[in-house]
Every structure is written in C-alpha cells, then in structure tokens.
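The values are calculated or read from the model by the stated rules, or taken from the named source; none is laboratory data. No experiment lies behind these values; they were computed from the predicted model shown. Because the Cβ atoms are built from the backbone with ideal geometry, glycine has one as well, and the counts that use them run over all protein chains shown.
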C-alpha cells in the first residue's frame, strides 16, 4: 500500500534551510498496524502530513497503491484525502454545537451525499467505532474526551477509507480511556484497515504490530513488535 523512498523535507525559516526529514524510506503493507514513534521535533508529524497528502516532500518518492503521490496535483491530493484516508488527531476537531451524527457525516456533506444516506453511513461508522448508540444525537460538547475521540474515529471511517492515520490520538486522554481508543484501532485493524499511529509514547506504540523509530529526521530502527499489547473491548 505505502512505499516511501528517500523522502526529504526542508523548510526555510528566515531564508535558512532547516532539514526536517533526511532520506526516510520504508514500506507499509495492506492491513498492517504500524506505529511511527519519536520525540518532539523528530519529524514524525511531518511524515504523517506527507503520508496523508497534506504536504509534499522536498525530494524522494511516495507511492500509495502503486501511484506516485509526490507528483500529484492539488486536486489529485484532495481526492486521495477524501476517498482513501481517514484522519484522527489529538485535538478531536468536532463542532461543539452539532450532534454526534452530524459531526460524523460532515465529510459526506462536502462529498455531496444525500441527507438520508449521510445519516445511515454516519450511524454505521459510529457503530464500527464502538460508540454508545444512546448518545448518537447528543451534542459533541456533552461528551467525555474518550467519547469525542470515538466520534472522531467514526468520522475518519465514514468514507470507508483503506488507510487510517492517527496523530497522537490518546494525547488528551487518561490511560484507561486511551486504552479503549487503542483497542478500537486494534479491532479496526483486525477487520482489515491499515492503521498508522504517530506517537512519542513507547506504551502507545507497543499496541502496534510494528514500530518505526524516528530521530532527527532519520529512521533509527524499524522492527516487528514482539511484545504487542492486546486490548480486548
């Protein structure tokens, strides 16, 4: 599914080059659950933005399903974000005065899906994310942090993406609630979704099947996780 080859990324604050990624290469197969782990400033979020077609590399190649995304136009990148990728962020990014179902259905509004179908697909995604059905029509500002993150996961699923990118998804949650969210990712992965989890916490990374360690813009280590933590919901 994913292959990146010698990806570099530089920014130029004040006209001076700052190299964030320094020749990153790795492959992620369909159906894998991979954690990309590193300290703040390591470049892991920049990798996530490139994988999510939110940013382009300075050099190198990024292949998604065999297509070189690094050469796509802005419109082509938008299509990939809309149809292939679901995003989950540390900040839940929900509309506080909109219902749970409406929050989940927002990507479908932009895609021009009729109202009845939007609601049906939103409810299906919420069930897939393990969200409490009695709260489907609550406002998002009436939810706990863990409930809001499950809504965010459902929103990521509503377009039936093949790839889920999660950037520090447990960062605003306590350990118990975070475990529920990580267990949800494990279940979605078991159902066939490819999951890439960005984190700085070893405990969170240990829930993935494979861990790619990033430091100073380079891959420090890429190995199978022999001591995977499994959460049963």
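Are any residues in the range 136-147 assigned to a helix (DSSP H, G or I), touching a helix residue (DSSP H, G or I) at 6+ places or on another chain (Cβ under 6 Å) and closer than 13 Å to residue 99 by Cα, and if so, which ones?
Hit for the range 136-147 is 140, nothing else.
Report whether or not residue 22 is more than 24 Å from residue 186 (Cβ to Cβ) and touching a strand residue (DSSP E or B) at 6+ places or on another chain (Cβ under 6 Å).
Taking the combined requirement at face value, the residue satisfies it.
What helices (runs of 4 or more DSSP H) lie completely within the range 21-134 and have 3 or more residues being in contact (Cβ under 8 Å) with a residue 40 or more places away in the chain and under 28 Å from residue 210 (Cβ atoms)?
In the range 21-134, the matching helices (runs of 4 or more DSSP H) lie at 44-51.
On the given criteria, is residue 123 within 22 Å of residue 84 (Cα to Cα) and buried (at least 21 other Cβ atoms within 10 Å of the Cβ)?
no
Can you find a residue that is surrounded by fewer than 21 Cβ atoms within 10 Å (Cβ to Cβ), in contact with a strand residue (DSSP E or B) (Cβ under 9 Å, 6 or more places away or on another chain), at pLDDT 95 or above and part of a loop (DSSP other than H, G, I, E, B) anywhere in the range 5-19?
The answer is no; no qualifying residue exists.
Here are some residues: 43, 86. Which one is buried (at least 21 other Cβ atoms within 10 Å of the Cβ), touching a strand residue (DSSP E or B) at 6+ places or on another chain (Cβ under 7 Å) and on the phi < 0 side of the Ramachandran plot?
Within the list 43, 86, the selection yields 86.
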